[in-house]
Structure formats: C-alpha cells, structure tokens
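Please read the structure below before turning to the comments.
The values are calculated or read from the model by the stated rules, or taken from the named source; none is laboratory data. Because the structure is predicted, anything quoted here is derived from the model rather than measured. Cβ placement follows ideal geometry from the backbone for every residue including glycine, while neighbour counts extend to all protein chains displayed.
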Amino acid sequence: MKMTFRIGDALVYLFILLLIAGSFAGLYQLGRGSVTNRVAVEIDGKVWGTYDIPASGEEVVHIDAGSDRYNIMVITQSGVMIREANCPDQICVTWGNISRPGQTIVCLPHKVVIRITGDQEGEPALDDIAS
C-alpha cells in the first residue's frame, strides 16, 4: 500500500508549525512586562525605609536597629541580600539573594524584615490566599 503526500497534508503540517511558533511567541511576550519592584525595610513592625532597585550598580544601605545592632543590606539589579550583620545566628546573612515580590529576609534578633514589594506588569496581583 503506497501512501501519497498531498497538498492537504502539507497545509496541516504548516498549520501545526504556525500554532507551535505562535504559542512560543505568546509565552515570550508574557514574561516581558516592566518590573515595578521596591525594597521595603521594617524594624520592629514600623517602616524604616523604601528603596528602588537600581538599573545597574549596587546600593549599600546601613540599617541601624538601635543598641549597636546593625545590618548591611546590598541592593543590586539581581536582587537584595544582607552582606553583614552583628546578630548571633547570622541566618539573615546566609539567606542569600531575594529578587521577586513577596520574598523576605528576616533578622529576628534585630526585628528587621526586608521585603520586596510591587509586581510585574501583566501579572495578576496576589490574592488573599497567596499573600
């Protein structure tokens, strides 16, 4: 039994290829929103400061928690991290880099909470369950 290749077969294959290419293009465009993230620093439940994430370079912030307690926060294009702290457990230093809205770094001995706020344009806002 000989199978022949017809023009209809070519049209079906072409349609499938266009559908796959369109899907990839759509997924690529979904991730290209503009980012409007900020870094919020709270000490003992009160807002201590908010900072923009720089487009290039780094910003070093000395967070004074009082009573000779401090954290040194570094804000770069790739995210936020604690470079140095004089707390006994150093968990905030070993936590590493955070870069997405909703992520936090907490230093319990100093009662410091560093949070990334904002959202990426085109993404839905967090609801009550997710936050």
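For the residues TYR51, TYR13, the requirement of being assigned to a strand (DSSP E or B) and at negative phi singles out TYR51. ILE16 meets the conditions (1) β-branched (Val, Ile, Thr); (2) loosely packed, with under 10 Cβ neighbours inside 10 Å; (3) modelled with pLDDT of 95 or more in every case but one. The failed one is (2).
Cβ-Cβ contacts under 7 Å between residues 6 or more apart (or on different chains), taken from a first residue in the stretch 66-77 that is over 14 Å from VAL112 (Cα atoms) to a second residue that is surrounded by fewer than 16 Cβ atoms within 10 Å (Cβ to Cβ) and among the acidic types (Asp, Glu), are listed as VAL74/GLU58; ILE75/GLU58; ILE75/GLU59; THR76/GLU58.
The set of residues in the stretch 93-103 being of a type outside the set (D, E, K, R) and within 18 Å of GLU59 (Cα to Cα) consists of VAL93, GLY96, ASN97, ILE98, SER99.
Residues of the stretch 90-117 that are over 16 Å from GLY45 (Cα atoms), assigned to a loop (DSSP other than H, G, I, E, B) and either out of contact with any Leu (no Cβ under 8 Å at 6 or more places or on another chain) or among the hydrophobic types (A, V, I, L, M, F, W, C) (or both): GLN90, TRP95, GLY96, ASN97, SER99, ARG100, GLN103. Could you please tell me which pairs satisfy a Cβ distance under 6 Å, a separation of 6+ or placement on different chains, a first residue in the stretch 49-65 that is closer than 11 Å to ILE75 by Cβ, and a second residue that is exposed (fewer than 12 other Cβ atoms within 10 Å of the Cβ)? Close Cβ pairs (under 6 Å, with a partner that is exposed (fewer than 12 other Cβ atoms within 10 Å of the Cβ)) do not exist here.
Going by what's in this entry, would GLY45 be described as touching a Ser or Thr at 6+ places or on another chain (Cβ under 8 Å), over 13 Å from ILE116 (Cα atoms) and surrounded by fewer than 10 Cβ atoms within 10 Å (Cβ to Cβ)? Spelling it out, it is not the case that GLY45 is touching a Ser or Thr at 6+ places or on another chain (Cβ under 8 Å), over 13 Å from ILE116 (Cα atoms) and surrounded by fewer than 10 Cβ atoms within 10 Å (Cβ to Cβ).
The test for being within 16 Å of ILE114 (Cβ to Cβ) and among the hydroxyl-bearing types (Ser, Thr, Tyr) holds for THR50. Listed conditions (1) surrounded by fewer than 12 Cβ atoms within 10 Å (Cβ to Cβ); (2) closer than 16 Å to VAL113 by Cα; (3) at pLDDT below 90 are all met by HIS62, apart from (3).
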